[in-house]
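A short worksheet on the structure shown next.
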Amino acid sequence: MAKSTRRARSVHWGLYAMLVPGIILTLIYSYGPLMGLVIAFQKFDFTKGLFGSPWVGFDNFKYIFNLRDFRRALGNTLSISSMKLVFGMAFPIVVSLLLNEIRFNGLKRVIQTLIYLPFFISWVILAGIMGDLLSPSTGFLNGILKMLGFKGVYFLGNASVFPATMIVLDVWKGFGFGTILYLAALTGVDPSLYEAASMDGANRFHRMWHITMPELVPIIVLNGTLSLGNILNAGFDQITNMYSTVVYKSGDILDTLVYRVGIIGVRDSIPQYEIATSIGLFKSLVSFALISASYYLAHKFADYQIF
């Protein structure tokens, strides 16, 4: 008994030791940089360093709340991210329901593979591909529109069209991977329910609506509530690779604003680290509050809990 206990402890300590490198990297790259948040309360001077720069309290936050670019970026972030969340959930649900009705497993696998592929392509590569496909002069899509008698659309250079283009591309890229969750939930549906419904005269639509859909409701509620924490994440990787100065009015989001202010510098080409840090801290605090609320709602309505 004592030998087995010592053996179990040695196995556990081995597993704990495997966690040490990950814990160290997390402390260095995730918690260590949190010290830099003090810049949000300073008039940061690179020559004086993190602890030598003058303290200004909440002046930086007062400045960003009165900044037109910040208010515009916040509105763009909320509108783009909310539409991405809505359509990014709705489209995988519809596709999952349709795939579930395919009885030929070979065809189902082929379709699943094809719709999964875009998810694994980076936005850097897709930006180049979409730049050619959506070109107003030589793009494939505009070529079709002109053949049908319509005018060409500058998808990536028209401020009124750019947000919708970002939403469609994001949904197209991710909906295939999103179907995995819902198809996995559908594997637990009892086949006898479909057989009983068929004997009662229910057609495919009725079986889908009254049997399949109710099985998805708990996972839809859970996924929807947990997604609330991403309401301020409108897709930095996507937008920063596709937008330009002509679409700042409708395409500039909080993350790209932080990048422009803190890295590139929008005022005399001088990076404003304290302003960028203030915007990032504001975004993090709001996201933390939303994530906390989403976990509470997920626990209340979907019986989801971390521990």
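For residues in region 222-254 being farther than 26 Å from A293 by Cβ and among the small types (G, A, S), which is farthest from the chain's Cα centre (by Cα)?
Per the criteria, the residue is S244.
Just one of (1) within 30 Å of Y296 (Cβ to Cβ); (2) out of contact with any Lys or Arg (no Cβ under 6 Å at 6 or more places or on another chain); (3) assigned to a helix (DSSP H, G or I) trips up D170, so point out which.
It fails just one condition, (2).
Does region 251-260 contain at least one residue that is surrounded by 20 or more Cβ atoms within 10 Å (Cβ to Cβ), among the small types (G, A, S) and in contact with a Phe, Trp or Tyr (Cβ under 8 Å, 6 or more places away or on another chain)?
Yes: one or more hits.
Determine which member of the set G149, G143, G157, G131 is modelled with pLDDT under 85 and either polar (S, T, N, Q) or more than 30 Å from H206 (Cβ to Cβ) (or both). Before you say what the answer is, go through the steps one by one.
Working: G143 fails: modelled with pLDDT under 85; G157 fails: modelled with pLDDT under 85; G131 fails: modelled with pLDDT under 85.
Unique residue meeting the criteria: G149.
Looking at (1) under 21 Å from L99 (Cα atoms); (2) among the polar types (S, T, N, Q); (3) in contact (Cβ under 8 Å) with a residue 40 or more places away in the chain, which is the only condition T225 fails?
Evaluating T225 over (1) under 21 Å from L99 (Cα atoms); (2) among the polar types (S, T, N, Q); (3) in contact (Cβ under 8 Å) with a residue 40 or more places away in the chain leaves (1) as the failure.
Any chance region 23-36 includes a residue that's part of a helix (DSSP H, G or I), of a type in the set (S, T, N, Q) and outside the structural domain of Y194 (by TED's automatic domain parsing)? Steps first, answer last, please.
The first filter runs over region 23-36 and keeps only residues part of a helix (DSSP H, G or I), leaving 23-36.
Then drop every residue that is not of a type in the set (S, T, N, Q), which leaves 26, 30.
Now drop any that are not outside the structural domain of Y194 (by TED's automatic domain parsing), which leaves 26, 30.
Yes, some residue in region 23-36 is part of a helix (DSSP H, G or I), of a type in the set (S, T, N, Q) and outside the structural domain of Y194 (by TED's automatic domain parsing).
Suppose we filter K84, K48, K43 for residues that are surrounded by 13 or more Cβ atoms within 10 Å (Cβ to Cβ), farther than 30 Å from M166 by Cβ and among the charged types (D, E, K, R); which single one remains? Write out each step before concluding.
On the way: K84 fails: farther than 30 Å from M166 by Cβ; K48 fails: surrounded by 13 or more Cβ atoms within 10 Å (Cβ to Cβ).
Answer to the check: K43.
The values are calculated or read from the model by the stated rules, or taken from the named source; none is laboratory data. Only a predicted model underlies this, so the values are computations on that prediction, with no experimental measurement involved. Glycine also receives a Cβ, built like all others from the backbone with ideal geometry; neighbour counts cover every protein chain displayed.
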